[in-house]
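Step one of this worksheet: look at the structure below.
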Amino acid sequence: MNKKIKVLITGIAGASLGTEILKCLQLAKNYCIFGCDISNLAFGHYQEGFKETFVADPNNYVESVIDICKKNDIKYIIPGGEQPMTILGNSSELIKGNGITLVSNSQGIINKFSDKEETFKTLANLGFSIPLTIRVKTINDLNEMVFPCIVKPAKDSGGSSFVFLAGNKEEAWIYAEYLIKNNKIPLLQEYIDEKDGEFTVGVLSLPNEHIVGSIALRRTFNSKLSIFSKTATGLISSGYSQGLIDKFPDICKAAENIAKKIKSVGPINIQGRIKNGIFVPFEINPRFSASTYLRAMAGFNEIDIYLKYLIDGSINYSSEIKYGYYMRSFSEIFVNRGDIIQND
């Protein structure tokens, strides 16, 4: 690709998937990168690396994003978060009709695996080991659960949002009732201890379901950044993964088998812990994950690989991975009040 390809990242808030995607595209050096967000205070507006950024209309989001693309001759959109992915995915035909490619998994995969209840029903039906998982409507449903357990919403739990660790039935009902009162569907899941390892695995499949490869990171929890909560009962990880990237062949094989059986046709991120020597998934996100830049640093730039395939059908991947520890932190920026982007 001699001419730099124009790409739009939708959702560019600070320490988000969007800003990690930016770094992956910068690393590849083949792209002219644009960004948009519904907030004029999003970190990405003031971050180096974007050709230009825009404030998208939250009340007319899809049309606003399409308009940005058409005015700037942008042919590829990469969702920078769960909400942009879902909203744009539900309008994928409209986006395609405007000559724009949404860089994501299929809408069927996105819909199914954005719903945690449906996720674990599907995995169980395919014969995979899963944590005991139940949907809760009344306190009597808790009789089916083992403790401790995780309480989380069936949807929108990315980055451990609204996720709780309950040590007993009483605590579980407090959290479940809280979710119900916040118009969320509570899902209870058997807690698996992290002592034998927690892993986050990126598996990249092509639109023809061919698996390009996978890369696994064993998470470390020496930093508060990677811990959502830690009590005497156990530990819940945060959305900020860091740790050791190594071969982990059994972990990668298990994750690739999941991607194959569910017929993934794009990026997917699988999180799991080890129970009785088996990798047991507790979260699947049908998108690029916020640890994507760590993978790119290691030599597996899944965003660049996938984009190149969509652009010209080529697969340019050397499979030479730089194994070792990958760590992260936050970065800061100062913006004068007068330099804040004004909403249209």
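The values are calculated or read from the model by the stated rules, or taken from the named source; none is laboratory data. Note that the structure is predicted; figures quoted are calculated from it, not measured. Please note: Cβ atoms are built from the backbone with ideal geometry, for glycine as well, and neighbour counts cover all protein chains shown.
Filtering the stretch 50-73 to residues that are surrounded by 19 or more Cβ atoms within 10 Å (Cβ to Cβ) and part of a loop (DSSP other than H, G, I, E, B) leaves 50, 56.
Only residues that are in a helix (DSSP H, G or I), among the aliphatic types (A, V, I, L, M) and either touching a Pro at 6+ places or on another chain (Cβ under 8 Å) or more than 24 Å from residue 124 (Cα to Cα) (or both) were counted across the stretch 165-206, and they come to 4.
Identify the single condition in (1) without any contact (Cβ under 8 Å) to a residue 60 or more places away in the chain; (2) out of contact with any helix residue (DSSP H, G or I) (no Cβ under 9 Å at 6 or more places or on another chain); (3) of a type outside the set (Lys, Arg); (4) not assigned by TED's automatic domain parsing to the domain that holds residue 271 that residue 151 does not satisfy, given that it satisfies every other one. Looking at each condition in turn, residue 151 falls short on (2). Within the option set 133, 138, being touching a residue at least 12 places away in the same chain (Cβ under 8 Å) and hydroxyl-bearing (Ser, Thr, Tyr) holds for one residue only, 133. Only one of the numbered conditions (1) modelled with pLDDT under 95; (2) under 20 Å from residue 11 (Cα atoms); (3) in a loop (DSSP other than H, G, I, E, B) is violated by residue 137, and that is (2).
Results for (1) of a type in the set (Ser, Thr, Tyr); (2) farther than 16 Å from residue 141 by Cα; (3) in the same structural domain as residue 150 (by TED's automatic domain parsing), shown as yes or no for each residue.
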site	(1), (2), (3)
165	no, yes, yes
183	no, yes, yes
186	no, no, yes
203	no, yes, no
210	no, yes, no
214	yes, yes, no
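Of the strands (runs of 3 or more DSSP E) lying entirely inside the stretch 207-246, those containing at least 2 residues that are β-branched (Val, Ile, Thr) span 211-219.
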